[in-house]
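**Q** Quick one: the structure is below, questions incoming.
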Amino acid sequence: MRLFSPTIRTTPWLAMALLSLPVAGGLAGVLAPALGWLPALGGDELTLEHWRTLVATPGLADMVRLSLSAGLASALISLLIVMLFLGAFAETRALALVRRLLSPLLAVPHAAAAIGIAFLLAPSGLASRLVSPWPSGWDTPPDYLFPGDPWGLGLIIGLVVKEVPFLLLMSLAALPQCQAQARLRLARSLGYAPLTAFAKAVLPGLYPLIRLPIYAVIAFASANVEVAMILGPSTPPTLAVAVVRWINDPDLSMRFVASAAALLQLAVTLAALGLWWLGERLVASLSRSALTGGRREAGDRIWAGAGGLATLLAVLLLGGSLMGLVLWSLAAWWPFPAALPSPLSLHAWQGALPGLKEPLTQTALIGLAATGLSLVLTVGALEAEHLRNHGMAAWAELVLYLPLVVPPVAFLFGLVQLQVQAGLAPGALAVILAHSLFVLPYVFLSLAESYRRLDPRWAQVAASLGHSPASLFWRVRLPLLTIPILTAAAVGFSVSVGQYLPTLLMSAGRLSTLTTEAVSLASGGDRRLTAVYALMQLLLPALGFALALALPRLLMRHRSGVLNP
Amino acid sequence: MTSLDALSPGGVPLTIAERSAGDDLSTGHALILENIRIDQGGRPLMSLDTRIAPGEVLTLMGPSGVGKSTLLAYLAGFLAPAFTGQGRVLLNETDLTRLPAEARQLGLLFQDPLLFPHLSVGGNLAFGMPRKAARKASRQTTRKARDKTIEAALEEIGLAGFADRDPTTLSGGQRARVALMRVLLSRPCAMLLDEPFSKLDASLRHEMRSLVFARVQRLGLPTLMVTHDEADANAAGGPVIELGAQY
């Protein structure tokens, strides 16, 4: 037990190293080849030639534009929906209900959501079947391009559906920190209509607290690969998808261009963040007089209606997607205008079963390992805050967001180059570590609030009864935090299950998980099999959340104080 | 609450909990607070220099914000980083100031009972009991002895047979008594009471006061009580220090 304190004190540093070194190393690993230096592939002089090749690529401007617009538009729409929802439904039952649904919603892997939306909104999808043949008059699937419309609308929809739950969760966690309830009540008592009160009294305090999550959303949306592969246009695709195509090009010399493009992706993401930042300044200076102008009501009804409508739409989209996936996985014969397949059969499931075994085990094992590692580091880092008696430094929180803000396609590809250069075999260990880069921040964000808010008097009671810090940790803090810890584990597991790019790149395509299989199936024509894989992708995290919910209720059923703190 | 009547002080032989709480303490320690001063961000908050005799209850009174609870935090060893404390805390000649909180053997009683929700009632009592005394015996007999002590301790506070209960199923008064017994079983050398009766309703408050003060006196524990209820001070019967907003 002598080791307890030193061990705990080193974990924050280990966590920082795990998060920052691969990102920094990966960027370095992509910088050198972009300038022509990669001895393993015969590049041994510095040159700008690969940049010239990149710039000459047809459609590059469209790729950059698509990435930028998808990133900014999806973040803006998501933020708007979340704020309208919070403004319209603050202090209502609907909010409590949504709060409970959030974690499972967050757990839906991006690829599964994208596949569901593609199946719902495609010309022969569930949505057009429901309005055909009456009232639309369509006997054959209508002729519109979706998914893959050239403006990236499908991509934006797919991103919004996943970003709204994330921003909502972060906002709900931030609301108490900015005394939202008191601010709202004060403004209401001064005669401000609910949404106006929210916008003028709460939002200015809330926004700074969710700025980092918003930046993470913009970065993710501008650089995401799997959603763009499923829902985005293909000629030209978004820049991140193009980078992945070049990486996988059989012509290995394309890796130099891919490196240059990966750096360009970093620049595009930074540009998106910069544009958003400028927008923030603009809104702040424009709204300054409006904040104190004294107007009590500004289109409250319309905005509240829009908020309700947008929320309803998001719920319908998600519900419809899920329904579509289930129906397709059970469809034997499903000609176009029919709203339901008939007959229903388990044929697709039976056919998929033998092939599912390997990806399912791989996904579960990688997920468990990455979650375990992240959980240990997170708990250690949070416990260290108690030992040192002060919280996390501001720069440490930035490090936490590093893998969420730097485009994964840029630094992961750099890591692959380093791996090649060092002659290391790609495989499960590299994949697990790469998953942890993305799992750790979410596990931390999920657990930190509960860990820090645990009543300090529990620790004081234990210490005054003669218990050492180690005993306090094992016998008091961990048992009291059983439920938040299991929830954080479920969140982490779901993040790992949803990872596409780290698995693909770090295993050199040799490991297949449910997500890599689902994404590659989605580009093929077999909707039934794709639906089966997408549903399995959903099922695994759902199982995790079910366990996180059920286990403590089973094991601690005689300790109602732990279950209902 | 008839069971509490059996707990009235005077003439009753030493109880199980008290016997296990140790003959080594029978000499009785004095708690000495030597030139204690607590600053908040460089500005002095409060200061105190006093001696509490074995079995004596010293009451600290004053409006909220004068640093009463901060003083207790300093004595017990968990002063928040926003404060700095100086001065020594002594038990007879032993300087506690340099010891970590868990080694100070100061029994702390809060206004909430703070029974651990993940442990049973008996588990909470066991949590407070020191381990080393029973190292020699085999694990099984140790466990039996501990169970016996716990059962006897529960009987003393009128909760016989409650060992396996979930603490959340107890009434407020029952929880307060378990919390007190948990502190006593940990064999403290002195007691720190942080408004221990303020959350109890009037009738329970009276019972808990006599229970706590009787124990403290009989065990010869020097006790520092922080409160803003004058009735607490009267019931304690010891010296009272009024803290004003000094600065």
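**Q** Is the range B:189-202 home to any residue that is hydroxyl-bearing (Ser, Thr, Tyr), closer than 20 Å to A:ARG475 by Cα and surrounded by fewer than 16 Cβ atoms within 10 Å (Cβ to Cβ)?
**A** So far as the range B:189-202 goes, no, none of its residues is hydroxyl-bearing (Ser, Thr, Tyr), closer than 20 Å to A:ARG475 by Cα and surrounded by fewer than 16 Cβ atoms within 10 Å (Cβ to Cβ).
**Q** Do we have A:VAL532 as modelled with pLDDT of 95 or more, away from chain B (no Cβ under 14 Å) and in contact with a helix residue (DSSP H, G or I) (Cβ under 6 Å, 6 or more places away or on another chain) here?
**A** Yes, satisfied.
**Q** Can you list residue pairs whose Cβ atoms sit under 6 Å apart, with the first residue in the range A:373-402 being within 14 Å of chain B (Cβ to nearest Cβ) and the second being among the acidic types (Asp, Glu)? Count only pairs 6 or more apart in sequence or on different chains.
**A** Listed by first residue and then by second, the contacts come to A:GLY391/A:GLU385.
**Q** List the helices (runs of 4 or more DSSP H) that sit entirely inside the range A:176-236 and contain at least 2 residues that are surrounded by fewer than 22 Cβ atoms within 10 Å (Cβ to Cβ).
**A** Hits in the range A:176-236: A:180-189, A:194-197, A:203-223.
**Q** Which of (1) assigned to a helix (DSSP H, G or I); (2) within 14 Å of chain B (Cβ to nearest Cβ); (3) over 28 Å from A:GLU385 (Cα atoms); (4) among the basic types (Lys, Arg) does A:ARG477 not meet, given it meets every other one?
**A** A:ARG477 satisfies all of (1) assigned to a helix (DSSP H, G or I); (2) within 14 Å of chain B (Cβ to nearest Cβ); (3) over 28 Å from A:GLU385 (Cα atoms); (4) among the basic types (Lys, Arg) except (3).
**Q** In addition: Which fully enclosed helices (runs of 4 or more DSSP H) of the range A:67-160 have 1 or more residues being surrounded by 22 or more Cβ atoms within 10 Å (Cβ to Cβ) and touching an Asp or Glu at 6+ places or on another chain (Cβ under 8 Å)?
**A** Here the list reads A:110-121.
**Q** Anything in the range B:70-89 that is surrounded by fewer than 17 Cβ atoms within 10 Å (Cβ to Cβ), in contact (Cβ under 8 Å) with a residue 12 or more places away in the chain and either hydrophobic (A, V, I, L, M, F, W, C) or within 13 Å of another protein chain (Cβ to nearest Cβ) (or both)? List them, or say none.
**A** B:ALA82, B:PHE83, B:THR84 - these are the residues of the range B:70-89 that are surrounded by fewer than 17 Cβ atoms within 10 Å (Cβ to Cβ), in contact (Cβ under 8 Å) with a residue 12 or more places away in the chain and either hydrophobic (A, V, I, L, M, F, W, C) or within 13 Å of another protein chain (Cβ to nearest Cβ) (or both).
One line per residue, one yes/no per condition, for (1) out of contact with any Ser or Thr (no Cβ under 8 Å at 6 or more places or on another chain); (2) more than 8 Å from chain A (Cβ to nearest Cβ):
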{"site": "B:LEU99", "(1), (2)": "yes, yes"}
{"site": "B:ARG104", "(1), (2)": "no, no"}
{"site": "B:GLN111", "(1), (2)": "no, yes"}
{"site": "B:VAL121", "(1), (2)": "yes, yes"}
{"site": "B:ARG143", "(1), (2)": "yes, yes"}
{"site": "B:GLY161", "(1), (2)": "yes, yes"}
{"site": "B:GLY172", "(1), (2)": "yes, yes"}
{"site": "B:ARG177", "(1), (2)": "yes, yes"}
{"site": "B:ARG182", "(1), (2)": "yes, no"}
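**Q** Please identify the pairs in which a residue from the range A:246-257 that is more than 18 Å from A:LEU412 (Cβ to Cβ) has its Cβ atom under 6 Å from the Cβ atom of a residue that is assigned to a loop (DSSP other than H, G, I, E, B), counting only partners at least 6 apart or on another chain.
**A** Correct list of pairs: empty, since none qualify.
**Q** For A:LEU312, state whether it is part of a helix (DSSP H, G or I), touching a helix residue (DSSP H, G or I) at 6+ places or on another chain (Cβ under 7 Å) and not hydroxyl-bearing (Ser, Thr, Tyr).
**A** no
For (1) in contact with a Phe, Trp or Tyr (Cβ under 8 Å, 6 or more places away or on another chain); (2) free of Cβ contacts under 8 Å to residues at least 40 places away in the same chain, each residue gets a yes or a no:
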residue	(1), (2)
A:PRO133	no, no
A:TYR144	no, yes
A:GLY154	yes, no
A:GLY158	no, no
A:PHE166	no, no
A:LEU175	no, no
A:ARG185	no, yes
A:LEU195	yes, no
A:LEU203	no, no
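The values are calculated or read from the model by the stated rules, or taken from the named source; none is laboratory data. Everything numeric here is computed off the predicted structure, so don't read it as measured data. Cβ: placed from backbone, ideal geometry, glycine included. Neighbour counts: every protein chain shown.
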